[in-house]
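Undergrad: Questions regarding the structure given below will be posed in turn.
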Amino acid sequence: MREDWRELLVEMAAISPDMVTYLLPQLEDVVAMEDETIRLQGTELLANLFLLDECNIAAQLPSLFTNSFLGRVNDVSSNVRLVAVEHAARVLVKKTSLATPLLKALEERVMDSSDKVRQALVVAVCAGAEEHLDVFAPLLAIIAPRMGDKKQGVRKAARDGLCALYRAHATAHLTEHPDAKTVPAELHCIPQQLLHCYGVDAGHDVESKLELEQLLVAKMLPLDEQLRLRSFCALHAALQP
């Protein structure tokens, strides 16, 4: 059972939270151990516990959430930070009551020294915002500058992810509101940052210039011809300021 105790603990907490009350505080020591693998496993375990609908462990044991779980977002290991960012975004999708501390923790990793952590953050935020734009909106303007990140992997993740996000929400919004001439204001930072990158890259990086043009034509605007024209007008309006 030693290999399966994490899964068993989550199952027990779901069945009867009172049964594991005395065990949960001990997890603070688990995620603080020197062994990186144990910290990785502990971070995933905490995320799974906080996601349970049957109980509210984050409220019952606030130090377990703020110190142990969110503390891993600032872990000395980039591997742990990466996993913590992914799990924090996962919890944010489902537990919007924890939005304030989760958003703050994720924001701190926008300029992480590891490009893999920055890329993981961008991917996680784009995925979360596709499902819950209102919840993840505060992070969009913060990750948008990653479109110009010095690392190609981060740049590509930001450009592809944010343009796809813009298309998804613009299509949905303009379809639902036939008379609308704008898209949700939370999306305005995306074309603004895309234009900024174009201005920076156009003069010296032909490959990046072509990539940005292709993103606008092929990935950012809706596929439907009528929605495409309306979306382009809305995009242009967002650039006016």
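Conditions (1) at pLDDT 95 or above; (2) closer than 24 Å to H236 by Cβ; (3) open to solvent by less than 70 Å² (accessible area, probe 1.4 Å); (4) of a type in the set (S, T, Y), marked per residue:
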| residue | (1), (2), (3), (4) |
| --- | --- |
| L139 | yes, no, yes, no |
| A144 | yes, yes, yes, no |
| K181 | no, yes, no, no |
| L194 | no, yes, yes, no |
| D201 | no, yes, yes, no |
| L210 | no, yes, no, no |
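Undergrad: Within segment 212-226, count every residue that is surrounded by fewer than 19 Cβ atoms within 10 Å (Cβ to Cβ), in a loop (DSSP other than H, G, I, E, B) and in contact with a Leu (Cβ under 8 Å, 6 or more places away or on another chain).
TA: Adding up the residues that qualify gives 0.
Undergrad: Can you tell me which residue is least open to solvent (accessible area, probe 1.4 Å) among those in segment 25-43 that are among the hydrophobic types (A, V, I, L, M, F, W, C) and out of contact with any Lys or Arg (no Cβ under 7 Å at 6 or more places or on another chain)?
TA: Result: L27.
Undergrad: When the residues of segment 76-104 are narrowed to those that are closer than 24 Å to M33 by Cα and open to solvent by less than 10 Å² (accessible area, probe 1.4 Å), which ends up nearest to the chain's Cα centre (by Cα)?
TA: Only one residue tops the list, namely A89.
Undergrad: Another question about this same structure. Could you figure out which of (1) open to solvent by 40 Å² or more (accessible area, probe 1.4 Å); (2) modelled with pLDDT of 90 or more; (3) among the hydrophobic types (A, V, I, L, M, F, W, C) isn't true of F69?
TA: Every listed condition holds for F69 apart from (1).
Undergrad: Then there's this: Among the residues of segment 65-75, what is the count of those that are in contact with an Asp or Glu (Cβ under 8 Å, 6 or more places away or on another chain) and either under 15 Å from Q41 (Cα atoms) or β-branched (V, I, T) (or both)?
TA: Looking only at that region, the number is 2.
Undergrad: Moving to a separate point now. Among the residues of segment 9-24, which ones are open to solvent by 60 Å² or more (accessible area, probe 1.4 Å), in a helix (DSSP H, G or I) and over 11 Å from L52 (Cβ atoms)?
TA: Matches in segment 9-24: D18, M19.
The values are calculated or read from the model by the stated rules, or taken from the named source; none is laboratory data. Source: prediction; values computed, not measured. Note that we place each Cβ from the backbone using ideal geometry, even for glycine, and neighbour counts take in every protein chain shown. These area figures cover heavy atoms from the full protein model, side chains too; ligands, DNA and RNA do not enter into them. Shrake-Rupley method; radii C 1.70, N 1.55, O 1.52, S 1.80 Å.
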